[in-house]
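Chemist: Sharing a structure with you now.
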Amino acid sequence: MQAERMTVNREPDDPRLAPIALRRELLGLGLNDRAIAQLVADGTLHRLRYGSYVDAAAWNACDRVGQHGLVARAAVKRAQAGVALSHISALGEWDAPLWDLPLDTVHLTRLDQRGGRREAGVVQHLGELRPGDLTHLNGVTVTSPTRTALDCTTVMDVEHGLVVVNDLLHRKLTTKEALMEGQEYMAFWPGSLQQGLVLQLADARCGGSVGEGRTLYMIFEQGLPLPEPQYPIRDRSGEIVAYVDFAWPDLGVFLEFDGKIKYQELLREGESPTDVVIRERNRERKICRLTGWECIRIVWADLRHPERTAAHIRAVLFDPDRAVG
């Protein structure tokens, strides 16, 4: 199947695009195995997989996601059959969040529709490919955002799958309609049972951060009423003055997820983190004055204790002594 071509979204000197050298290529340059081993030992080359190498400086310049990408490209280059980066290994190429995902295994999809196989550190998936399922990005064949999202829901639990799908929707790399159409096509594929729930919950408005996606899942999983994400707050003239992460307008409550990344993004030139906190608290008070609502704030640690956090949210939502503004 012919892959569509996408514009390279990385600079040529990006270490994630460092060329992969195979053993046979290095031998062709006049090196022998002893010389290759010496280059690895002295820190010039880094061994990615058996018979696959990359410049050690490029490897060291990458984070764990970038390093997984280099190992994945080596697996593609060594593959005996045509393959595309897919599943978790495609997410890095689309700059999607890989929160809490295992990166010790490379995921590829075979292009010849023959049986999948598994070897040390690499899974080759069997999967029928439709027009538009493949693209050429950053110099490698990779599954499209829609196909990547659907594939990921077959190898992840609902929470992780929701974080991935929300991100791709938020950045407009796919649409709910395209995902629903793909789900029908994959209805009886292995691991596809949770796809329906992920797509039912998926909401582009919750794709701005991992924390917001996880909060949405926690609210659903704990049986709380689903809120309105990214709810607009208006002043008395009707002008939008703020958006809150989640709101229950009928119950007079809004919820904000406070993550480290969020505060870093809000940091203005010359400000300290304390300045951002003070500004956010002033914003909260303004919203409370305009709406008469109560604010709930949660942080990453709260998501590690979903039952306790949900109990707190439920108590605020259904507090009989609280007047709804």
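Where a number appears in this text, it was derived from the coordinates with a stated rule and is not lab data. Everything numeric in this text was worked out from a predicted model, so none of it was measured. Note that each Cβ is placed from the backbone with ideal geometry, even for glycine, and that neighbours are counted across all protein chains shown.
Chemist: Can you tell me the relative contact order of the stretch 88-128? Whole percent, Cα pairs under 8 Å, sequence separation 6 or more.
Modeler: Reported relative contact order: 33 percent.
Chemist: Something else: Show me the ranking of peptides 158-171, 124-137 by mean Cβ neighbours inside 10 Å, starting with the highest.
Modeler: Final packing ranking: 158-171, 124-137.
Chemist: Next question, about the same structure. Any idea what the relative contact order of the chain is, in percent, if you count C-alpha pairs under 8 Å spaced at least 6 apart?
Modeler: Details: 489 pairs, mean separation 36.8, N = 325.
11 percent.
Chemist: I've got another one for you. Based solely on C-alpha atoms, express the radius of gyration and the Dmax of the stretch 1-158 in angstrom.
Modeler: Calculated on Cα positions, Rg and Dmax stand at 15.8, 51 Å.
Chemist: Placing +1 at every Lys and Arg Cβ and -1 at every Asp and Glu Cβ, with all other atoms neutral, what dipole size does the chain have around its Cα centre, in debye to the nearest 20?
Modeler: 660 debye
Chemist: How long are the three semi-axes of the equivalent ellipsoid for the stretch 44-109, computed from the Cα gyration tensor as the root of 5 times each eigenvalue, in whole Å, largest first?
Modeler: 18, 17, 8
Chemist: Then there's this: By what distance, in whole Å, do the Cα atoms of the stretch 1-85 stretch along each of the three principal axes, largest value first?
Modeler: 41, 29, 20
Chemist: Based solely on C-alpha atoms, express the radius of gyration and the Dmax of the chain in angstrom.
Modeler: Calculated on Cα positions, Rg and Dmax stand at 23.5, 81 Å.
Chemist: Rounded, prolate or oblate for the stretch 164-210? Axes are the square roots of the Cα gyration tensor eigenvalues, ordered a ≥ b ≥ c, and the cut-off for rounded is a/c under 1.5.
Modeler: Prolate, because a/c is 1.5 or more and a/b exceeds b/c.
Chemist: Express as a percent, rounded to the nearest 5, the fraction of DSSP beta bridges in the chain (both residues included) that run antiparallel.
Modeler: 70 percent
Chemist: Have a look at Ala79, Leu111, Cys206 and report the one farthest towards the positive end of the charge dipole of the chain, computed about the Cα centre with Cβ charges (Lys/Arg +1, Asp/Glu -1).
Modeler: Ala79
Chemist: Can you give the relative contact order of the stretch 140-197 as a percent, counting alpha carbon pairs under 8 Å and 6+ residues apart?
Modeler: Working: 44 pairs, mean separation 27.1, N = 58.
Relative contact order of the stretch 140-197: 47 percent.
Chemist: Follow-up question, since we're still on this one. With a point put 7 Å past each Cα toward its Cβ, work out how far Ala81 is from Asn282 in nm, to one decimal.
Modeler: In this crude spin-label approximation the distance works out to 6.2 nm.
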